[in-house]
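Engineer: Here's a structure for you.
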Protein chains: 2
Amino acid sequence: MKEEREPVAEHITNIAQEIKTAILAMKSPSLLTPVRSLSNVLFDTKEGYFRIGENVKKRTLTAATVKTFAQTLRMMGLSKELIKSDDTATKREAYYVSKNWGDARFSEQPESDSVMDDIEAMLRVNREQMGFIPGEHGGTVAGALTVIDRDFETKKEIRIDCTRFGSGAYSIPSSVEHLTFETSAKFILAIETQGAFERLNKHKYWKKSNCILIAMSGVPTRACRRFIRKLADDKKLPVYVFTDGDPYGYGNIYRTLKVGSGNAAHINEYFCVPQAVFIGVTPDDIEAYKLPTHPLKDVDVKKIKDLVKNDPFFKEHKEWQKALDKMAKQKVRVEQQAFAAHGLNMVMDKYLPEKIANSKTWLP
Amino acid sequence: MKEEREPVAEHITNIAQEIKTAILAMKSPSLLTPVRSLSNVLFDTKEGYFRIGENVKKRTLTAATVKTFAQTLRMMGLSKELIKSDDTATKREAYYVSKNWGDARFSEQPESDSVMDDIEAMLRVNREQMGFIPGEHGGTVAGALTVIDRDFETKKEIRIDCTRFGSGAYSIPSSVEHLTFETSAKFILAIETQGAFERLNKHKYWKKSNCILIAMSGVPTRACRRFIRKLADDKKLPVYVFTDGDPYGYGNIYRTLKVGSGNAAHINEYFCVPQAVFIGVTPDDIEAYKLPTHPLKDVDVKKIKDLVKNDPFFKEHKEWQKALDKMAKQKVRVEQQAFAAHGLNMVMDKYLPEKIANSKTWLP
């Protein structure tokens, strides 16, 4: 069992003990979980992320709740097993494991996911600490960073030097809680596209500017966000974010990285990166760097309106409101790769150094 | 300039010379490119991949073709520049570079992609050799393999030991032509999902069975296919493919890896993996391993019919026809992770060793 997951196993044991005690006392056992609907989600302006509110639902064992109740206990049992054996399971695997639970088996994965989310919220930990990992790819890393992992069998330290992968890179695993870091880098640069990442990696932008490059490949996965957060916290590094200049880059990629997502508010505490700042591409950059653009589509226009009006993050920041208004007026969007119009390496030799040096051009 | 790309630069120079000669002789210059429509695509049963036929179109410089003609020449020029400077550009960047070509600029990326495909077919090389790289992620690797790359600046050798990534992995770069390999592995295992890959990696299945694990994360990208092909060719390794048991896993993931795709027939020669065999999950496995299943959707049923009736690869192989018929009769599909119903490590301890040892259970 890994030390950092021990408290989770203990917490599970304690809850199970309480339930056993209630049953032996001939009382109905019950479980308390925070309400996970949007009505119980707040944007914490001080901490800077979506967090779950105080509302709690009590699930008492009755004839009507017996199945979900049993499923919750079995899922907690599976989590404890995974922690003890230092193993992990994807959400999908956990669903299949339930096929052996007799009447407590799940018939569809959304059911098991929902129970998992409940337990996550109940224990106030993230699913990865319970041993459940996402099945998705976690982003790629290159630059001035040594990741310290452990051999699963021998428990020996493994040191992964991210300057040593040539044109390739380090692929972040689904679960990153056990990783530690050594670095002399001055900042983290989180990049939307794999293409932009590869250009910067190939030309060793990380060496010239002493930084760590991370490709998010679109909306960052949980593992990617957690990795950036852990690294930035541990090493007190600023995080600069570089995406396309469009409502998707701002509202989906950057916003999810910085403050998390509304429908996973019970774990945003771990998966947001409050220290992230947005360096580009901004609507101002289009003028400053004379970038080729594309007209906004109807769906972009709609998305801008929605962000300005309904998204608590964008409502909170005047600078973002101004930027979105400007985009709506310019009626154009711009891509990371647009800098190529002025030479393939302009993004590296001019744009990024200038933007990073001038905090007045950033967005919060 | 990298040695292996020199012949491409020479080829470009020769074509440019011919055009210059024609112009100086007051003749209309012309370019010959293979016809890339499906009518000129054949399934090469001997070589085992989709290949382009003998039909050629001649593009002669006239008032009507002047723009495309100029664009083709400029794109060839850009390719030569990239080769000389040992640099690369994504398709998207190449499109943006054209914004400086005056009247020869492209107004949409599909136009520049099409010109790039023409040149690719004309030169009979793949786009990566011309310096144009895909913007997509190339798959992840772990196991008994050392990848040998080169430092872009110092040209020094970089050795990447894929047993040394802990729970993480090596991320394949977009362009792999310059990579070489050292390995003592007995086979390559190409896996559909990141989740299945991570389980096998975590438990060091690659050590127990002396193999190389590659996660394709869905339909393999060009870089991923080329990497597997190059590695399998260089080191004479068999390639075992492990996907979900559904028409998508068979018809999209496995088929694309093994024989390439119909609409990129001019480069399948480089991007197919003819040595690939399918080890599972097959419809027979559902019975043999008592796996939980899901009912086929209408779209699955339709896709099966389409594969049996229209796909030259599946039409070629009786074994596949039988498997697809069986799936249609069983009316169910099965996932890689379904083995978890019999214990999380069953896939590793029982299923994979048994299947790999018994070639009678494979599909071609």
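Engineer: Give the range B:16-39 a look and list any residue that's outside any loop (DSSP other than H, G, I, E, B), touching a residue at least 40 places away in the same chain (Cβ under 8 Å) and under 28 Å from the mean Cα position of the chain (by Cα), or say none.
Structural biologist: Once the filter is applied, which keeps residues that are outside any loop (DSSP other than H, G, I, E, B), touching a residue at least 40 places away in the same chain (Cβ under 8 Å) and under 28 Å from the mean Cα position of the chain (by Cα), the range B:16-39 yields B:L31, B:L32, B:T33, B:P34, B:L38.
Engineer: In the range A:336-364, which residue that is among the polar types (S, T, N, Q) and buried (at least 20 other Cβ atoms within 10 Å of the Cβ) is farthest from B:S98 (Cα to Cα)?
Structural biologist: Only one residue fits best here, namely A:Q336.
Engineer: I'm trying to understand the selection: among the residues of the range B:229-272, which are touching a residue at least 60 places away in the same chain (Cβ under 8 Å) and β-branched (V, I, T)?
Structural biologist: Across the range B:229-272, the qualifying residues are B:T243, B:I253, B:V259, B:I267.
Engineer: Can I ask one more? What number of residues within the range B:159-168 are modelled with pLDDT under 95 and touching a Gly at 6+ places or on another chain (Cβ under 9 Å)?
Structural biologist: 1
Engineer: Which of the following residues is farther than 30 Å from A:F197 by Cα and at pLDDT 90 or above: A:S85, A:S98?
Structural biologist: The unique qualifying residue is A:S98.
Engineer: Also, I was wondering about something else. I'd like to know if the range A:229-237 contains one or more residues that are in contact with a Phe, Trp or Tyr (Cβ under 8 Å, 6 or more places away or on another chain), farther than 17 Å from A:I172 by Cβ and surrounded by fewer than 20 Cβ atoms within 10 Å (Cβ to Cβ).
Structural biologist: no
Engineer: For B:K186, only one of the following conditions fails: (1) out of contact with any Leu (no Cβ under 9 Å at 6 or more places or on another chain); (2) of a type in the set (D, E, K, R); (3) at pLDDT 95 or above. What is its number?
Structural biologist: (1)
Engineer: Same structure, new question: Can you find even one residue in the range A:68-75 that is part of a loop (DSSP other than H, G, I, E, B), within 26 Å of the chain's Cα centre (by Cα) and among the hydrophobic types (A, V, I, L, M, F, W, C)?
Structural biologist: Within the range A:68-75, not a single residue is part of a loop (DSSP other than H, G, I, E, B), within 26 Å of the chain's Cα centre (by Cα) and among the hydrophobic types (A, V, I, L, M, F, W, C).
Engineer: Okay, next question. Can you list the helices (runs of 4 or more DSSP H) found entirely within the range B:248-297 that contain at least 2 residues being over 12 Å from the mean Cα position of the chain (by Cα)?
Structural biologist: Filter on the range B:248-297 gives B:283-288.
Engineer: When only residues in the range A:319-349 that are without any contact (Cβ under 8 Å) to a residue 24 or more places away in the chain and away from chain B (no Cβ under 14 Å) count, which is nearest to the chain's Cα centre (by Cα)?
Structural biologist: The extreme case among them is A:Q321.
Engineer: Which one of these does B:I119 not meet: (1) among the hydrophobic types (A, V, I, L, M, F, W, C); (2) closer than 20 Å to A:L344 by Cα; (3) surrounded by 21 or more Cβ atoms within 10 Å (Cβ to Cβ)?
Structural biologist: Failing condition for B:I119: (2).
Engineer: Now a separate question. Does A:R92 satisfy the criteria of being of a type outside the set (D, E) and closer than 30 Å to A:Q275 by Cβ?
Structural biologist: In short, no.
Engineer: Kindly indicate the residue of the range B:132-144 that is facing another protein chain (nearest Cβ under 8 Å) and in a strand (DSSP E or B) and also nearest to A:I160 (Cα to Cα) among those meeting that condition.
Structural biologist: B:T140
Engineer: While we're on this one: Residue by residue through the range B:173-199, note down the ones that are among the aliphatic types (A, V, I, L, M) and over 19 Å from B:L237 (Cα atoms).
Structural biologist: B:A196
Engineer: Every residue in the range A:40-67 that is assigned to a strand (DSSP E or B) and over 27 Å from the mean Cα position of the chain (by Cα), please.
Structural biologist: If the condition is that a residue be assigned to a strand (DSSP E or B) and over 27 Å from the mean Cα position of the chain (by Cα), then A:K58, A:R59, A:T60 are the ones that fit.
Engineer: Filter the range A:102-131 for residues that are assigned to a helix (DSSP H, G or I) and charged (D, E, K, R); which is nearest to the other protein chains (Cβ to nearest Cβ)?
Structural biologist: A:E128
Engineer: Condition first: farther than 25 Å from A:F132 by Cβ and at the interface with chain B (Cβ under 8 Å from one of its Cβ atoms). Now tell me which residues in the range A:145-195 satisfy that.
Structural biologist: A:R164, A:F165, A:G166, A:S167, A:G168, A:A169, A:T193, A:Q194, A:G195, listed by residue number.
Engineer: Applying the selection to the range B:29-55, what residues are in contact with a strand residue (DSSP E or B) (Cβ under 9 Å, 6 or more places away or on another chain) and exposed (fewer than 13 other Cβ atoms within 10 Å of the Cβ)?
Structural biologist: Answer for the range B:29-55, where residues must be in contact with a strand residue (DSSP E or B) (Cβ under 9 Å, 6 or more places away or on another chain) and exposed (fewer than 13 other Cβ atoms within 10 Å of the Cβ): B:L32, B:E54, B:N55.
Engineer: Here's another thing I want to ask about it. Which residue is surrounded by the most Cβ atoms within 10 Å (Cβ to Cβ), if the candidates are limited to the range B:56-98 and must be among the β-branched types (V, I, T) and away from chain A (no Cβ under 14 Å)?
Structural biologist: Result: B:T72.
Engineer: Checking B:H137 against (1) buried (at least 21 other Cβ atoms within 10 Å of the Cβ); (2) under 20 Å from A:L344 (Cβ atoms), only one condition comes out false. Which one?
Structural biologist: (2)
The values are calculated or read from the model by the stated rules, or taken from the named source; none is laboratory data. Keep in mind the model is a prediction, meaning the values are calculated, not measured. Because the Cβ atoms are built from the backbone with ideal geometry, glycine has one as well, and the counts that use them run over all protein chains shown.
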